[in-house]
1. Quick one: in region 11-46, of everything that is more than 22 Å from residue 298 (Cβ to Cβ) and of a type in the set (S, T, N, Q), which residue is modelled with the lowest pLDDT?
2. Going by what's in this entry, would residue 209 be described as free of Cβ contacts under 8 Å to residues at least 60 places away in the same chain, under 15 Å from residue 278 (Cβ atoms) and not small (Gly, Ala, Ser)?
3. Tally up the residues in region 340-389 that are aliphatic (A, V, I, L, M), free of Cβ contacts under 8 Å to residues at least 40 places away in the same chain and more than 22 Å from residue 204 (Cα to Cα), please.
4. Quick check, is residue 252 modelled with pLDDT of 95 or more and either of a type in the set (Ser, Thr, Tyr) or farther than 20 Å from residue 39 by Cβ (or both)?
5. Just the residues that are of a type in the set (D, E, K, R), more than 17 Å from residue 286 (Cβ to Cβ) and assigned to a loop (DSSP other than H, G, I, E, B), please, taken from region 167-217.
6. All but one of (1) among the hydrophobic types (A, V, I, L, M, F, W, C); (2) surrounded by 20 or more Cβ atoms within 10 Å (Cβ to Cβ); (3) over 30 Å from residue 121 (Cα atoms); (4) more than 25 Å from the chain's Cα centre (by Cα) hold for residue 157, so report the exception by its number.
7. Out of all the residues in region 243-289, which are without any contact (Cβ under 8 Å) to a residue 40 or more places away in the chain and open to solvent by 10 Å² or more (accessible area, probe 1.4 Å)?
8. Which of (1) under 27 Å from residue 273 (Cβ atoms); (2) under 17 Å from the mean Cα position of the chain (by Cα) is the odd one out, the single condition residue 322 does not satisfy?
Amino acid sequence: MPFEDARPEGANAALVLDDGSIYWGRGAGAFGVAIGEVCFNTAMTGYQEALSDPSFAGQIITFTFPHIGNVGANREDDETQKPAARGCILRADITDPASWRAGMHFDAWLKEHDLVAISGVDTRKLTRRIRDGGAPNGVIIHLPPEDADGDIDLAALRTMAQNWPSLEGADLAKEVTCEAPYAWEEGVWALDRGFARPPAARHHVVAVDFGAKRNILRCLASAGCRVTVVPAETTAEDILALAPDGVFLSNGPGDPAATGTYAEPMIQGILKSGLPLFGICLGHQMLARALGATTRKMHLGHRGANHPVQDLLTGKVEITSQNHGFVVDDASLPEGVTQTHISLFDRSCEGIALDGKPVFSVQYHPEASPGPQDSHYLFARFVALMDKK
């Protein structure tokens, strides 16, 4: 669709950015309006997993890969029960499924989860706009068939986008965390058996849910952990009362400085206990803050499945899956905290460890499914630290 104010024939949807830019297109998924921060994801697979990743709360995802929908959707690949993303932007119309695992059409999945989408957008142009100007706020409108030719108030949509609050300063973990503690008992998926029954547990791990992806919990269970998941605002005292052998800090959305107002004291309490501690993504950022470092919002963020990260201790390069808009400022790391991994895209901090203590974290997603599996060893590392205790 052309990039212009005049509404093209057949356009029943539009994306309006906070700077007034308008992208006309064809609606998909649910009817209605979706508002959020517009970002882009470069992964060629995993659209269902991305949209159901709680870390995308408050965001509208632009998929740079044009063929979205070709593997359909199914009940097994959701990373959470209710997706927190606001919607998605596509280049081409949703592809019909061509996978034996498909349980439904992707458009039906979007409708089921009340997610608004728009296709026919020049996603390369939009991605360049985000690359050069940073992630804008945006609004998608998708008109229902009975009103497909109705008027679209572009000025009102622009005002909505301009007035929508920034993710900077937003504590979104409270919106996606579990309501009460629960036990997780499902292992990772395999082609010949589906989700495996995990092996006999050697250790009890308390996983603090800031927006945890299900596959992280599966990886912990398959590594030999009995996993108890607790809400984001659980205190150190309540966690220690569960008698864990280790504590895990999950991924999640929003600004780590905002969530850290209650999470950092909890993390500091766990650090004092001497228990092994492992964090991923938001958990990594808040661990760094609890240790005295600072975090900041990135110009673009990292969202994709092909990000090279170097382990500074071994020199090994891992291809990783990433989804974050905030980052640890490596220059702020205090004495006694070592940077263990860096991004080979922009040299940003991708991992830290507390010297002489069983404490470490990474910015990327070692559990990514689908995605590279180069970093699965990190779960074994966490278990090894508990073995030593």
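The values are calculated or read from the model by the stated rules, or taken from the named source; none is laboratory data. Since this is a predicted model, take the numbers as computed values, not measurements. Virtual Cβ from ideal backbone geometry, glycine too; neighbours counted across all protein chains shown. These accessible areas exclude ligands, DNA and RNA; they are computed on the full protein's heavy atoms, side chains included. Shrake-Rupley method; radii C 1.70, N 1.55, O 1.52, S 1.80 Å.
1. The selected residue is 45.
2. Numbers: free of Cβ contacts under 8 Å to residues at least 60 places away in the same chain: yes; under 15 Å from residue 278 (Cβ atoms): yes; not small (Gly, Ala, Ser): yes.
Yes, satisfied.
3. Residues of region 340-389 that are aliphatic (A, V, I, L, M), as a first pass: 342, 344, 352-354, 359, 362, 368, 378, 380, 383-386.
Add one more test, that the residue is free of Cβ contacts under 8 Å to residues at least 40 places away in the same chain, and what stays is 342, 344, 353, 384.
From what's left, more than 22 Å from residue 204 (Cα to Cα): 342, 344.
Number of matching residues: 2.
4. Values: modelled with pLDDT of 95 or more: yes; either of a type in the set (Ser, Thr, Tyr) or farther than 20 Å from residue 39 by Cβ (or both): no.
No; evaluated as a whole, the condition is false for this residue.
5. Passing the criteria: 179, 185, 186, 192, 193, 197, 202.
6. (3)
7. 243, 262, 264, 265, 268, 269, 272, 273, 289
8. All conditions are met except number (1).
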